[in-house]
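The values are calculated or read from the model by the stated rules, or taken from the named source; none is laboratory data. Nothing here was measured: the structure is a model prediction, and the numbers come from that model. Neighbour counts run over all protein chains shown; Cβ positions are idealised from the backbone, glycine included.
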């Protein structure tokens, strides 16, 4: 079962790679699991995922999954280096790998009929929208890169933290009041810490 507890999709992606010393499972391990993760997060429309699943060659899917894991490995290093403090302007010097993927994007814009026809000049019933062109399997990296770019540009890295579980280290964006979150999940690492404290108290 895929879980999303990071409060930021870019961090959820890193957590899904399961490359931490204490990780016991890995959500993304190959082309199929990468496709499923993209669908579960709604980063890619379900119909696009199904189209790729039916038409793409297995080798192409395995290649894009390997590229996604390589991107994740690079981004984890970036996040670990800068988490816990505001992202400095010079961080831009480290973002070349991300920008190179973002530059692959191909999108089209068009005017269409909107869902709500309410009349008037401001409510013409028309909408302006942008759609991505999914021309090859490697385009599946783009929504992941978008999520990483959103984290870098729109979030305060002071609030990016690692779970304090001794064998965990999953990343999350702390949105709690007072910024007091310590665990990836209270149901998992939080409860483990409580049990450890009780055992420690009982042995005294």
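For (1) assigned to a helix (DSSP H, G or I); (2) within 17 Å of the chain's Cα centre (by Cα); (3) at pLDDT 95 or above, each residue gets a yes or a no:
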{"residue": "23", "(1), (2), (3)": "no, no, no"}
{"residue": "27", "(1), (2), (3)": "no, yes, no"}
{"residue": "35", "(1), (2), (3)": "yes, yes, yes"}
{"residue": "39", "(1), (2), (3)": "yes, yes, yes"}
{"residue": "44", "(1), (2), (3)": "no, yes, yes"}
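Within segment 136-170, the set of residues being under 30 Å from residue 61 (Cβ atoms), out of contact with any strand residue (DSSP E or B) (no Cβ under 6 Å at 6 or more places or on another chain) and modelled with pLDDT under 95 comprises 168, 170. Return yes or no: is residue 142 in contact with a helix residue (DSSP H, G or I) (Cβ under 9 Å, 6 or more places away or on another chain), crowded, with 17+ Cβ neighbours inside 10 Å and within 30 Å of residue 176 (Cβ to Cβ)? Judged against the criteria, residue 142 is not a match. On the stretch given as segment 145-173, residues that are surrounded by fewer than 16 Cβ atoms within 10 Å (Cβ to Cβ) and in contact (Cβ under 8 Å) with a residue 60 or more places away in the chain total 5. Only residues that are surrounded by 14 or more Cβ atoms within 10 Å (Cβ to Cβ), in contact (Cβ under 8 Å) with a residue 40 or more places away in the chain and more than 19 Å from the chain's Cα centre (by Cα) were counted in segment 64-114, giving 1. Considering each residue of segment 115-135 in turn, at least one proves to be modelled with pLDDT of 95 or more, farther than 29 Å from residue 88 by Cα and surrounded by 12 or more Cβ atoms within 10 Å (Cβ to Cβ).
Each residue in segment 148-167 was checked for being farther than 16 Å from residue 4 by Cβ and in contact with a helix residue (DSSP H, G or I) (Cβ under 6 Å, 6 or more places away or on another chain), and 2 of them qualify. Cβ-Cβ distances below 7 Å connect no pair with a first residue in segment 27-43 that is at positive phi and touching a residue at least 60 places away in the same chain (Cβ under 8 Å), a second residue that is surrounded by fewer than 17 Cβ atoms within 10 Å (Cβ to Cβ) and in a loop (DSSP other than H, G, I, E, B), and a separation of six or more residues or different chains.
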